[in-house]
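To start, the structure itself, in structure tokens.
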Amino acid sequence: MESITAKSELENKILSQYKEISDFSDKTCIEFMKLLQKIYTPIWNWMFYCFNEDDIRNAGIEIFHCIKRCILKYDENENHSFLGFLYSCLETEIKHKKKRGELSPIRMCSRDDYNKAIKLIKAAEKIGKNPSNENVQIWLAKQTDWVLEQVKELIVKYHQSQIIEETSFESSDIQNPYPLPEMQLITIENVKYDLEKIDKEFSSCQTRQKVYLSSFITLRVIHALETRFEIKEITELLKSQSFTDLSLLECLLNKAEFPSQKELALKLGKDEGYVSNRIKEFFEKVQRKISIG
């Protein structure tokens, strides 16, 4: 009975928030983007009452893109409810993900491999082709100095980077089904707005906190951005933010190895566990403020 009630409450919340979203004619304004981010959470929680948990987490990236498409494409004049339409689309997306077969979640795509892969992805997209298609990959190999097997591997690594996050800064070999708060917070569609919110929250921190928070926030944000943007883009996004630790931005530009969270804590004379909790709290505060608007 409790699960039925909880599911019903989530459905009511989804419909209420969707009503707010559907009233917007301008789908590019900040207010619309804020509401779009807000509705992701109840839909995500609702899905666990509808589908297998492992299937949901394995298709996490595809699901968030699917939710956005559903919100933009739903026509209330059609003979189905929004929730029915959403369920049908999500069910199809999950089935397609399973049918394609899961990419082996062995490791996070390295920064160097990601930069190579993104060039291949963009080259394919420029001619309107799917980079996962073998004929397209043969064409891509001819455009570069890489053999076909290297191109295939880079494309696979790119897709791995979309579904795998590091669970710690000591190991990148473990799949994390519960994304870190900053990974959930920073979106491709609204990255400048998200970074402004992070910067505003940082500005409200005490001066003594800023001394160490700056480094840890920058490290987390760079890792969150690396799988979505190129180095030059990340540099442009971060260089004007007050929270940015410029020494870490220099590491990014020089493709140098980043210090681990543990090494940063030791350098700043802080307990790693204490720092981890403060950073988690920081990003959760930002997320709540974005959700509230």
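Within segment 248-277, the set of residues being in contact (Cβ under 8 Å) with a residue 12 or more places away in the chain, within 23 Å of ILE231 (Cα to Cα) and not charged (D, E, K, R) comprises LEU248, LEU249, LEU252, LEU253, PHE258, PRO259, SER260, GLN261, LEU264.
The single condition from (1) without any contact (Cβ under 8 Å) to a residue 60 or more places away in the chain; (2) open to solvent by 90 Å² or more (accessible area, probe 1.4 Å) that LYS280 fails is (1). Filtering segment 1-39 to residues that are open to solvent by 70 Å² or more (accessible area, probe 1.4 Å), of a type in the set (A, V, I, L, M, F, W, C) and within 20 Å of the chain's Cα centre (by Cα) leaves only ILE30. Every condition in (1) at pLDDT below 85; (2) surrounded by fewer than 14 Cβ atoms within 10 Å (Cβ to Cβ) is met by ARG208 except one, and the failing one is (1).
Within the option set SER104, SER110, SER81, being of a type in the set (Gly, Ala, Ser) and modelled with pLDDT of 80 or more holds for one residue only, SER81. Scan segment 49-65 for residues that are more than 20 Å from ASP75 (Cα to Cα) and open to solvent by 60 Å² or more (accessible area, probe 1.4 Å) and the total you get is 4. Which of the numbered conditions does GLU196 fail, given that it passes all the others? Conditions: (1) farther than 29 Å from CYS66 by Cα; (2) at pLDDT 80 or above. Going through the list (1) farther than 29 Å from CYS66 by Cα; (2) at pLDDT 80 or above, GLU196 breaks only (1).
Could you tell me how many of the residues in segment 206-218 are touching a helix residue (DSSP H, G or I) at 6+ places or on another chain (Cβ under 6 Å) and hydrophobic (A, V, I, L, M, F, W, C)? Residues flagged as touching a helix residue (DSSP H, G or I) at 6+ places or on another chain (Cβ under 6 Å) and hydrophobic (A, V, I, L, M, F, W, C) within segment 206-218 amount to 1.
The values are calculated or read from the model by the stated rules, or taken from the named source; none is laboratory data. For clarity, every value in this text was computed on a predicted model and none was experimentally measured. Cβ coordinates were reconstructed from backbone atoms using ideal geometry, including for glycine residues, and neighbour counts include every protein chain displayed. Ligands, DNA and RNA are stripped out before the accessible areas are found, and what is left, the full protein with its side chains, is counted by its heavy atoms. Shrake-Rupley method; radii C 1.70, N 1.55, O 1.52, S 1.80 Å.
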